[in-house]
Amino acid sequence: MLAVCIKAPFLLKRPPLYPSFFTRLAHSADPTSRSTTSSEPPYIFNKYACDLRNAALELQPRPFEEFNDSKRFNGKFKYLVYSSVIKDLLNASYFPEASFAFKTMQPIFHSPSMKARMLASAIAKSFGDPHERLIIPFVFLSAHSDMTEDIFTEIMQMLARRKVKPKVLLQLTNYYITAQNDGFVPAPDLAAIWFRAKFLTEGADTALVALKEYSMCSTNRDLLPYTTLLSTINDVSLDDAGSVEQILLIMDHAQLTLDLTVFNALLHREHRLEHSSSAFTVYASLKEMADNGVIPNEETYAMLFSLLRSRRPRVSKRPPSGFYPPRSLFRDMIDTTMHPEHPLVLSPSLLTVVLRAFLEHRDYPAALVAVNTFDQHRINVPIEAYYVTVKHIVRRIWAEVRGKRVLGSKLWCDHFLGSSAPTSIRDVEALEEQLSEGLVDKILNFTRQDKMSILNVRFLRSIPTEVPVYSAPTMAELEQTGDPLPEVKYHSKPLERLLERAIVATFIPQHRKGVEDAVQVARAEMTPPT
């Protein structure tokens, strides 16, 4: 006998409270589908649903009484309005308000599935082990013909969002499956509910036995039950490599074609374990699936670049095992944006992760190419891109200034700041004092100017004389915890200048051709062939 599980809570988000459900019905192309009387205009459904929803939120009985007493509408119309209101309130986790609306609904119409929703809301509010007086009535209602699989699955998903214990979900789904006809095979959403609850309640072995039985009985090719179980292992049993292998073997025996959700689940596991070599082995297999339409997405590249961020090879040493060049991964990503059927749409957050990886590798030419990509794809530069760049540069400056150094020799920080090499401890202390006085704002002030030479500017000794023409965040804006206002837009030019200056500080002797050559080489390695 198969039992079933809810879509994992980490895959679900609490829905906002909005009347879109009512709006869709009110503007449906077929007015008769609303079960209104023929003399009523389409907006009546939406009007009463919204009015009663607001009344429920304020717990005002009079609007309900007036609606119930009205003889303008038949019972089915009233039921549709009430059920829409209660469903929306339940989905938004307004349980007392939904209970209030349900009590006022009972005199005019009764629905076993709607009563089951209300019992489920009581179970969700129990915060722990619900009383048997809630479980037993729910079990009887779940066996009613009015309780379809879709409705039951929707109720279980609501319970999962409310963090109901897995053993309760398992108990309810087992009862539901037992009540069905012989040969019943749950749909993927319901199967996913059980597999997660089974794994969390009874362990991996029992869950895998049920998964294997499901794979032999189900004709549905949806991979949700398998990916849900993989994600569950990632959440609670990260080191359980054996269960992961068993799931993949079950999928192979069922002749299921792996999709991107499976690869991303596997990558997520390797990412959390920080196993770069294994992660890029998975990525290599994913690339081989391109002909089957399985293309990496934003989540894929974000995890891979995040892994590379911590895999910077030391100077003069061979790259570590499993190391995948970040420039090559960037080229793959840009190539995916040009895919004819499933093009990747770059986002500010993804490009910021990419930028951070190049900064950690101190690959400033590649970081500059990544920043150029914002403008090339018409993406606004987020404040996070400035934050990670400024943070990296300032940290490197302070590390070199305060670290051990040979007096009289110039380091990267000296070239970047345009300062002379300290020849005494007193010079080092003076430099530290200068750096403590608004270094970030000084640097950003220069990068905002219209005319600025990245070769000759001395950040600590010169004072900007021009009115800034390029927008960039201030130190205060970088330190704020909230998001900037939507109308605030930052220009990419100051960020590009910061990175150009970092490239200049890397090459000795300093000259513009060195910057241009380094960027040209990086761009050639990071651009896919046409």
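Annotations
- Counting the residues of the stretch 477-528 that are basic (Lys, Arg), touching a Phe, Trp or Tyr at 6+ places or on another chain (Cβ under 7 Å) and part of a loop (DSSP other than H, G, I, E, B) gives 0.
- Elements of type helices (runs of 4 or more DSSP H) contained in the stretch 215-279, each with 1 or more residues being under 16 Å from the mean Cα position of the chain (by Cα): 224-236, 260-273
- Filtered by the rule that a residue be touching a residue at least 60 places away in the same chain (Cβ under 8 Å) and polar (S, T, N, Q), the stretch 146-199 gives Thr153, Gln157, Thr173, Asn174, Thr178.
- Looking across Asp235, Asp189, one residue alone is buried (at least 21 other Cβ atoms within 10 Å of the Cβ) and among the acidic types (Asp, Glu). It is Asp189.
- Considering the stretch 333-349, and only residues there that are under 25 Å from His361 (Cα atoms) and touching a residue at least 60 places away in the same chain (Cβ under 8 Å), the residue that is surrounded by the most Cβ atoms within 10 Å (Cβ to Cβ) turns out to be Ile334.
- Of the helices (runs of 4 or more DSSP H) lying entirely inside the stretch 1-117, the ones with 2 or more residues being closer than 30 Å to Val185 by Cα, of a type in the set (A, V, I, L, M) and modelled with pLDDT of 60 or more are found at 75-91.
- Among the residues listed as Arg497, Arg501, Arg523, the single one being under 19 Å from His377 (Cβ atoms) and of a type outside the set (Gly, Ala, Ser): Arg523
- Any hit, the stretch 499-512, residues being within 14 Å of Asn372 (Cβ to Cβ), in contact (Cβ under 8 Å) with a residue 40 or more places away in the chain, under 29 Å from the mean Cα position of the chain (by Cα) and surrounded by 12 or more Cβ atoms within 10 Å (Cβ to Cβ): yes
- The number of residues in the stretch 90-102 that are of a type outside the set (Gly, Ala, Ser) and free of Cβ contacts under 8 Å to residues at least 60 places away in the same chain comes to 5.
- Qualifying residue in the stretch 383-392 (condition: among the small types (Gly, Ala, Ser), in contact with a helix residue (DSSP H, G or I) (Cβ under 7 Å, 6 or more places away or on another chain) and at pLDDT below 85): no
- Among residues of the stretch 426-443 that are without any contact (Cβ under 8 Å) to a residue 40 or more places away in the chain, those with a Cβ under 9 angstrom from a residue that is assigned to a helix (DSSP H, G or I) and among the β-branched types (Val, Ile, Thr), sequence gap 6+ or separate chain, pair up as Val428/Val401; Leu431/Val401; Glu432/Val401; Leu435/Val394; Leu435/Ile397; Leu435/Val401.
- Top-ranked residue in the stretch 199-227 [being β-branched (Val, Ile, Thr) and within 18 Å of Asp252 (Cβ to Cβ); ranked as surrounded by the most Cβ atoms within 10 Å (Cβ to Cβ)]: Thr227
The values are calculated or read from the model by the stated rules, or taken from the named source; none is laboratory data. Note that the structure is a prediction, hence the values are computed from the model and not measured. Cβ: placed from backbone, ideal geometry, glycine included. Neighbour counts: every protein chain shown.
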